[in-house]
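**Student:** Pasting a structure below so you can have a look.
The values are calculated or read from the model by the stated rules, or taken from the named source; none is laboratory data. This one's a predicted model, so the numbers in the text were calculated from it and none came from an experiment. Using ideal geometry, Cβ is built from the backbone for each residue, glycine included, and neighbour counts are taken over all protein chains shown. Each accessible area value is taken on the protein alone, full model and side chains, heavy atoms only, with ligands, DNA and RNA left out. Shrake-Rupley method; radii C 1.70, N 1.55, O 1.52, S 1.80 Å.
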Amino acid sequence: MIIRFSRRALPAVAAAALLASCTSSGGTTGAASDAPSTAATTTPSPTPTATPTPTPTVKPTGQADPALQAFYGQQLTWAACKDDPKTEKTDESAVQCTTLKVPLDYASPGAETIDVGVARIPGAKPGERTGSLLVNPGGPGGSGVGMVQRGQKDYDGPLRDHYDIVGFDPRGTGLSSPIKCLDDKARDTWVTTDDLGPEHGKVLADACQAKYGKLLEHIGTRDTVRDMDVLRAALGDQKLSYLGLSYGTYIGSVYAEEFPDRVGRLVLDGAVDPAKPLAENNIEQYAGFERSLRAFAAHCAKQAQCPLGKDPEKAPEKLADFLDGLKQKPLTAKDGRVLTSTAAWTGVIEGLYGDESGWDALANNLGWAMLRGKGEYLLAYADSYNKRDQEGHYSASADAYTAVYCADGATGVPTGDALQAAYAEMAAKAPLISRHEPGSALFDPDCRTWPFRSPEKAHAITSKAATPIVVVGSTGDAATPYANAEKLAAQLGNAVLLTREGEGHTGYGRSECVRTAVNAFLVDGTVPAAGTRCATDAAQ
């Protein structure tokens, strides 16, 4: 089952509604109706203009390494971003774009270089400017450029009054040497097939190696945080201020490890536990989605119309039986595409990334498949998850997800007795959601045939930064379970945990209480009191 739970990326519609959820499905909120709901599709990121008008930033700070001084000292040239024709309702004139030049290999900075795409919304009150706030939507594979360009209005208020809001595309994504190994037709098959044997991962690994070769070795998170530090200096900031969601919390954690003396105000929302190896991480995530699946099914059974029946105890099994049964009896949509078991599970998981406000719409779309044999609406959810637009084109984030994860050390997998123990633990903690394909559940992404072995290993990250780091965790977060936030805050040491009570992935966009606390920290340096707990906003 190709469900990329780990370090999930931000869908386009969520980026447009700042941090409303790192992974909530577009078009899935509101009450059920007779008309089917559809999920959001991804729009391409903008590219900088070819001949920008120079608008230099303030003089950047230099760095000690002579070999890197040219990169740290570069002047950024800002200009209006290239208009994105698929964002007709968004005024993009306030957003500026530029390109940052960085070494391909930081061990050989005098050799090849790559370009990193950057976008910013200048601060609304220059006289009160604190500096730049870097933001990242998650992934791996999420576009920070797209997050800023399509989410401008969501930064209005304290953040934009005091900061330039800056998003960048991590290497391998968006405008920064994007990785796209499979063409659209091949990816259609790859993300929907129910044949997930050992050759499935090798198809992608071979295609990536053929097209990108040595780039794959320099696309990991540690390279990204080094790029981020170059960007910090080029922006003229002595310290990094940063807001990272989901996988973006891992970027922030590694930055705190790599550059502790340059940590300013960091907020990590929807935490990844860096100490967990791949299999353990996936088991915990599947367990989180199992809990959310059962909660959703029980909620559905209490409604007037529910395709899962009226018994909340039997509803989860009925849902899983239907989704698994599509292996033998898939549904054909009106455009000829096929709703396979893998695609249907992906669509349901997309709906479960959100909170209860989207559950009625998810139930409605399930009803169209279960009662009427129409698979197009669950396919729309799966398309949103897989970053497939209405024309059938995929964004590069799909392949970047695997490439970055494998570069980050997911090549180490359990074998022998440890493997059998992992399968047993998965079956015990997530019996319904993992039975479709236990192998792909443990190895997601599947890096077993990746063309190189990364030196990175899962390990606890301890921050030596003088400034506290704020970690935000949500008790009902299935994608990055609350225990991750507890563990990350404890590992970092100089960190405080801010808790949101409620369902859904990430907290900033779901709770005014969380937003107020985070803004106070980023703007004034006010650290949330230890043990602070926030409720989810009543209306989502």
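**Student:** In whole Å, how far is the Cα centre of the range 262-305 from that of the range 409-441?
**Tutor:** Cα centres, the range 262-305 to the range 409-441: 17 Å.
**Student:** Taking the Cβ-Cβ separation of K334 and D311 as r and a Förster radius of 30 Å, what is the calculated FRET efficiency to the nearest 0.05? Present the calculation step by step, with values, prior to reporting the outcome.
**Tutor:** Details: r = 32 Å, r/R0 = 1.07.
Efficiency computed from Cβ-Cβ geometry: 0.40.
**Student:** Sticking with this structure for a sec: Under 16 Å from the Cα of K327, which lysines turn up, not counting those fewer than eight places away in the same chain?
**Tutor:** Excluding near neighbours in sequence, the set is K318, K374.
**Student:** If you don't mind, there's one more thing I want to ask. Using 0.36 nm times the number of residues separating A94 and D524, minus their current alpha carbon distance, what extension gain do you get? Walk me through the intermediate numbers first.
**Tutor:** Numbers: separation 430, 0.36 × 430 = 154.80 nm, distance 2.53 nm.
Full-extension gain reported as 152.3 nm.
**Student:** With the crude spin-label approximation of a point 7 Å out along Cα→Cβ, what separation in nm comes out for A490 versus Q69?
**Tutor:** 4.6 nm
**Student:** For K374, which sequence-distant residues (separation of 5 or more, or a different chain) have an amide H within less than 5 Å of its own amide H, given hydrogens modelled in the peptide plane?
**Tutor:** Sorted by chain and number, the residues that satisfy this are A369.
**Student:** With each pseudo-label sitting 7 Å past Cα toward Cβ, what's the T475-K302 distance in nm, one decimal?
**Tutor:** About 1.6 nm, to one decimal.
**Student:** Expressed in nm to one decimal, what extension gain is obtained for the pair L419 and T189 from 0.36 nm per residue of sequence separation less their Cα-Cα distance? Don't jump to the answer; show the numbers that get you there.
**Tutor:** Working: separation 230, 0.36 × 230 = 82.80 nm, distance 2.82 nm.
Separation in residues times 0.36 nm, less the Cα-Cα distance, equals 80.0 nm.
**Student:** Turning to a different aspect of this structure: In whole Hz, what ³J(HN,Hα) sequence does the range 403-418 give by Karplus (6.51, -1.76, 1.60; θ = phi - 60°), x for Gly and Pro?
**Tutor:** Those phi angles translate into 4, 5, 4, 5, 5, 8, x, 6, 6, x, 10, x, 9, x, 4, 5 Hz.
**Student:** Could I have the simple spin-label model distance between K82 and K211, label points 7 Å from Cα toward Cβ, reported in nm to one decimal?
**Tutor:** With each label placed 7 Å out from Cα toward Cβ, I get 1.8 nm.
**Student:** Also: Using a 1.4 Å probe, what is the accessible area per residue for the chain, in Å²?
**Tutor:** Details: 19400 Å² over 540 residues.
For the chain, the per-residue accessible area is 36 Å².
**Student:** Cut-off under 23 Å on the C-alpha distance; same-chain residues fewer than 8 positions from K487 excluded. Which lysines are left, in chain and number order?
**Tutor:** K276, K429, K457, K464
**Student:** For the range 412-540, with the dipole built from +1 on Lys and Arg beta-carbon atoms and -1 on Asp and Glu ones, taken about the Cα centre, which of L492, P431, L442 lies farthest toward the positive end?
**Tutor:** L492
**Student:** Also: In whole Å, what is the distance between the alpha-carbon centres of the range 318-343 and the range 463-540?
**Tutor:** Taking the Cα centre of the range 463-540 as reference, the centre of the range 318-343 is 38 Å away.
**Student:** What list of ³J(HN,Hα) values in whole Hz, one per residue of the range 68-81 in order, does the Karplus curve 6.51 cos²θ - 1.76 cosθ + 1.60 (θ = phi - 60°) give from phi, with Gly and Pro shown as x?
**Tutor:** 9, 4, 5, 6, 5, x, 5, 8, 8, 10, 9, 8, 4, 5
**Student:** Here's a follow-up. Expressed as a rounded percentage, what relative contact order does the chain have, with Cα pairs under 8 Å and six or more residues apart? The partial results should precede the final answer.
**Tutor:** Numbers: 1291 pairs, mean separation 112.1, N = 540.
Relative contact order for the chain comes out at 21 percent.
**Student:** Using a Förster distance of 41 Å, how high is the FRET efficiency between A107 and E128, based on the Cβ-Cβ distance and rounded to 0.05?
**Tutor:** Values: r = 41 Å, r/R0 = 1.00.
For A107 and E128, the calculated efficiency is 0.50.
**Student:** Starting from the eigenvalues of the Cα gyration tensor, five times each then square-rooted, give me the equivalent ellipsoid semi-axes of the chain, largest first, whole Å. Walk me through the numbers before you get to the answer.
**Tutor:** Numbers: eigenvalues 252, 125, 107 Å².
That gives 35, 25, 23 Å for the three semi-axes.
**Student:** What whole number of Å gives the distance from the Cα centroid of the range 192-209 to the Cα centroid of the range 129-153?
**Tutor:** 31 Å
**Student:** Is the range 278-427 best put as rounded, prolate or oblate by its Cα gyration tensor, with a ≥ b ≥ c the root eigenvalues, rounded for a/c under 1.5, and otherwise prolate when a/b is larger than b/c, oblate when not? Each step should come with its number before you reach the end.
**Tutor:** Values: a/c = 1.93, a/b = 1.28, b/c = 1.51.
Verdict is oblate for the range 278-427.
**Student:** G502's amide H: which non-local residues (gap 5+, or another chain) put their own amide H closer than 5 Å, with H modeled 1.01 Å from N in plane and none for Pro or chain starts?
**Tutor:** T475, G476
**Student:** Further question: Please give me, ordered by residue number, the trypsin sites (Lys or Arg not before Pro) of the range 248-329 that lie in loop per DSSP and have at most 16 other Cβ atoms within 10 Å. Intermediate results must be reported in sequence, preceding the final value.
**Tutor:** Values: sites: R262, R265, R291, R294, K302, K310, K314, K318, K327; in loops: K302, K310, K314, K327.
Answer by residue number: K302, K310, K314, K327.
**Student:** Leaving out ligands, DNA and RNA but keeping every protein chain, what accessible area does S341 have, in Å² rounded to the nearest 10, with a 1.4 Å probe?
**Tutor:** 0 Å²
**Student:** Could you work out how much longer the chain between E199 and D261 gets when fully extended? Use 0.36 nm per residue separation minus the Cα distance between them, nm to one decimal.
**Tutor:** Working: separation 62, 0.36 × 62 = 22.32 nm, distance 4.51 nm.
Additional length available on full extension: 17.8 nm.
**Student:** Share of the range 81-226's accessible area from carbon and sulfur, percent, 1.4 Å?
**Tutor:** Values: 2800 of 5650 Å².
Carbon-and-sulfur percentage of accessible area, whole number: 50.
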